[in-house]
1. For the stretch 48-99, calculate the relative contact order in percent as a whole number, restricting contacts to Cα pairs under 8 Å that are 6 or more residues apart.
2. Using 0.36 nm times the number of residues separating residue 36 and residue 69, minus their current alpha carbon distance, what extension gain do you get?
């Protein structure tokens, strides 16, 4: 059954067309969903790059810890070069004044 609000006024539902509540309805492609999640993940990582560096330095000494610290430092340096942490810090300060 197709939902009536999916049809233009005065028309009959098309036969064989799935409604919004069936498995045959078009959904987001898993590749597109993965790309969207990756972009969101990068934005979140960009916003907290300084905290990631602090957390990396707080890790216990173990194999691979130096690599994690080096990657975190490189990520923070790259973002600092283009001004992302400074811009997000200004946004955080602006939002904090409204509290």
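1. Details: 21 pairs, mean separation 19.9, N = 52.
Computed over the stretch 48-99, the figure is 38 percent.
2. Numbers: separation 33, 0.36 × 33 = 11.88 nm, distance 2.69 nm.
Stretched out fully, the residue 36 to residue 69 stretch lengthens by 9.2 nm.
Every number in this text was worked out from the coordinates using simple rules, so none of it is lab data. These figures come from a predicted structure and were not determined experimentally.
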